[in-house]
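Reviewing the structure listed below.
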Amino acid sequence: MARRKLLDLARPSRQHLLGYILLAPAVLLVGLIVVYPLLMSIDLSLQNVKLPRPGQHAPYTAANYSKLFSSQEFWMACWVTLKLVVAVTIGSLIVGVGSALLVNNRFRGRTLARLAIALPWAVPEIIAVVIFARIFDTSFGLLGWLFIKLGLTDRMIAWVSTPGPAFWAVTMTMIWKGFPFVSIMTLAGLQSIPSDYYAAARVDGANAIQRFRWITLPLLMPVLGVTLVLVVLWVFRDFSIIKTLTEGGPLKATQTLSIMTYDQAFGFFNFGYASAVGVVTLVICIVASLLMLGRGSKAMY
């Protein structure tokens, strides 16, 4: 009888226990697949090991971090990552918000237009890279042929084998793949704005630009703030697009922190050093997320 009373979760004094019990499987799963590997990575980053073996533990040392922060390759990877994050984020926001504003209006074929905008997001990244590899092909690529026809150049451009064009090839591919997410999130935010606000603004004589500046943009800031964080984190962690298209080259012009982590771990088998790169990347992502969530996700009204 006493045991039955102890397990009586319907009693008001024990209702909070039901929440803990229901959350326990999710917490254990997160700890198993997120927290434990993270702790293992931090532990491994403090060991100067090539290929870790079960049961063996090297002495703790800060040599990996000392080598990392004095490495020109690491700082170059940080610079490439920063440039890529800024370029892809700005491009995705411009194209995504613009396309969302377009399909938010009523016109014939709006449903097909919305499906067309969402299509790149549904395409697997590897398939998208294969498509863009054909577009950027040096011999018969569509983009090089288009530039010649427009008079922008007199010969085909070696997109993936020249440092400057390779960076912009990766950037354009990632913008094409990422802008539908921004568009979908922005469209959801636009649908939540009451139409009465726009009607009142029209009565007051506000034009389209003024309505966007004083109604649409402030009310979209919470959505755009969260979307900005997710896009930045996606660019930080993205691996398959860069690895398949350029493999971090040429001359490390497209080597981001994620590519550097992979190359050090599975190319040179420096797992301790690669873990240090991964830990530093995680810290950068956390700091960037906190800064953006603290500023960009707040409404301006």
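The values are calculated or read from the model by the stated rules, or taken from the named source; none is laboratory data. Being a predicted model, the structure only gives us computed values, none of them experimental. Note: ideal-geometry Cβ built from the backbone for every residue, glycine included; neighbour counts use all protein chains shown. Heads up: the accessible areas ignore ligands, DNA and RNA and are worked out on the full protein's heavy atoms, side chains in. Shrake-Rupley method; radii C 1.70, N 1.55, O 1.52, S 1.80 Å.
Annotation: residue 51 fulfils all but one of (1) aliphatic (A, V, I, L, M); (2) in contact (Cβ under 8 Å) with a residue 24 or more places away in the chain; (3) in a helix (DSSP H, G or I); the unmet one is (3).
Determine whether residue 75 is under 30 Å from residue 64 (Cβ atoms), without any contact (Cβ under 8 Å) to a residue 24 or more places away in the chain and either open to solvent by 90 Å² or more (accessible area, probe 1.4 Å) or more than 16 Å from the chain's Cα centre (by Cα) (or both). Even if it seems obvious, please write down each step before you answer.
Details: under 30 Å from residue 64 (Cβ atoms): yes; without any contact (Cβ under 8 Å) to a residue 24 or more places away in the chain: yes; either open to solvent by 90 Å² or more (accessible area, probe 1.4 Å) or more than 16 Å from the chain's Cα centre (by Cα) (or both): yes.
Yes: the conditions hold for residue 75.
Within region 126-153, being open to solvent by less than 40 Å² (accessible area, probe 1.4 Å) and among the aromatic types (Phe, Trp, Tyr) holds for 132, 136.
Any idea how many residues of region 202-220 are closer than 19 Å to residue 97 by Cβ and surrounded by 10 or more Cβ atoms within 10 Å (Cβ to Cβ)? Working first, answer last.
Start the filter on region 202-220 by keeping residues that are closer than 19 Å to residue 97 by Cβ, which leaves 207-220.
This time we only want the ones that are surrounded by 10 or more Cβ atoms within 10 Å (Cβ to Cβ), so: 207-208, 210-220.
Total satisfying the criteria: 13.
Applying a threshold of 6 Å to beta carbon distances and a minimum spacing of six or more residues, or different chains, the list of pairs starting in region 116-129 at a residue that is in contact (Cβ under 8 Å) with a residue 40 or more places away in the chain and ending at one that is surrounded by 17 or more Cβ atoms within 10 Å (Cβ to Cβ) and among the hydrophobic types (A, V, I, L, M, F, W, C) reads 120/176; 121/181; 125/241; 129/241; 129/245.
Test of understanding: among 291, 257, 251, which residue is open to solvent by less than 70 Å² (accessible area, probe 1.4 Å) and either touching a helix residue (DSSP H, G or I) at 6+ places or on another chain (Cβ under 6 Å) or of a type outside the set (D, E, K, R) (or both)? Outline the logic, then answer.
Numbers: 291 fails: open to solvent by less than 70 Å² (accessible area, probe 1.4 Å); 251 fails: open to solvent by less than 70 Å² (accessible area, probe 1.4 Å).
Just one listed residue meets the conditions, 257.
State whether the residues of region 160-179 include one that is crowded, with 20+ Cβ neighbours inside 10 Å, over 21 Å from residue 255 (Cα atoms) and modelled with pLDDT of 90 or more. Checking region 160-179: at least one residue is crowded, with 20+ Cβ neighbours inside 10 Å, over 21 Å from residue 255 (Cα atoms) and modelled with pLDDT of 90 or more. Working only within region 108-125, note down all residues that are open to solvent by 40 Å² or more (accessible area, probe 1.4 Å), under 16 Å from the mean Cα position of the chain (by Cα) and of a type outside the set (D, E, K, R). Once the filter is applied, which keeps residues that are open to solvent by 40 Å² or more (accessible area, probe 1.4 Å), under 16 Å from the mean Cα position of the chain (by Cα) and of a type outside the set (D, E, K, R), region 108-125 yields 121, 122, 124. A Cβ distance below 9 Å, combined with a sequence gap of six or more or placement on separate chains, defines the contacts here; from region 22-39, residues that are touching a residue at least 60 places away in the same chain (Cβ under 8 Å) reach residues that are assigned to a helix (DSSP H, G or I) in the pairs 38/279; 38/282.
Residue pairs whose Cβ atoms lie under 7 Å apart, sitting 6 or more positions apart in sequence or on different chains, and linking a residue in region 245-258 that is over 14 Å from residue 84 (Cα atoms) and among the aliphatic types (A, V, I, L, M) to a partner that is open to solvent by 10 Å² or more (accessible area, probe 1.4 Å) and part of a loop (DSSP other than H, G, I, E, B), are 245/160.
Here residue 149 does not fit the description of being over 19 Å from residue 249 (Cβ atoms) and touching an Asp or Glu at 6+ places or on another chain (Cβ under 7 Å).
Given the criterion touching a strand residue (DSSP E or B) at 6+ places or on another chain (Cβ under 9 Å) and either at pLDDT below 90 or not charged (D, E, K, R) (or both), identify the matching residue among 297, 258, 275.
Only one candidate qualifies: 275.
Every listed requirement among (1) at pLDDT 85 or above; (2) more than 22 Å from the chain's Cα centre (by Cα); (3) farther than 16 Å from residue 94 by Cβ is met by residue 222 save one, (2).
Can you pull out the residues in region 90-107 that are exposed (fewer than 15 other Cβ atoms within 10 Å of the Cβ) and among the β-branched types (Val, Ile, Thr)?
Filtering region 90-107 for residues exposed (fewer than 15 other Cβ atoms within 10 Å of the Cβ) gives 90, 94, 98, 105-107.
Matches in region 90-107: 90, 94.
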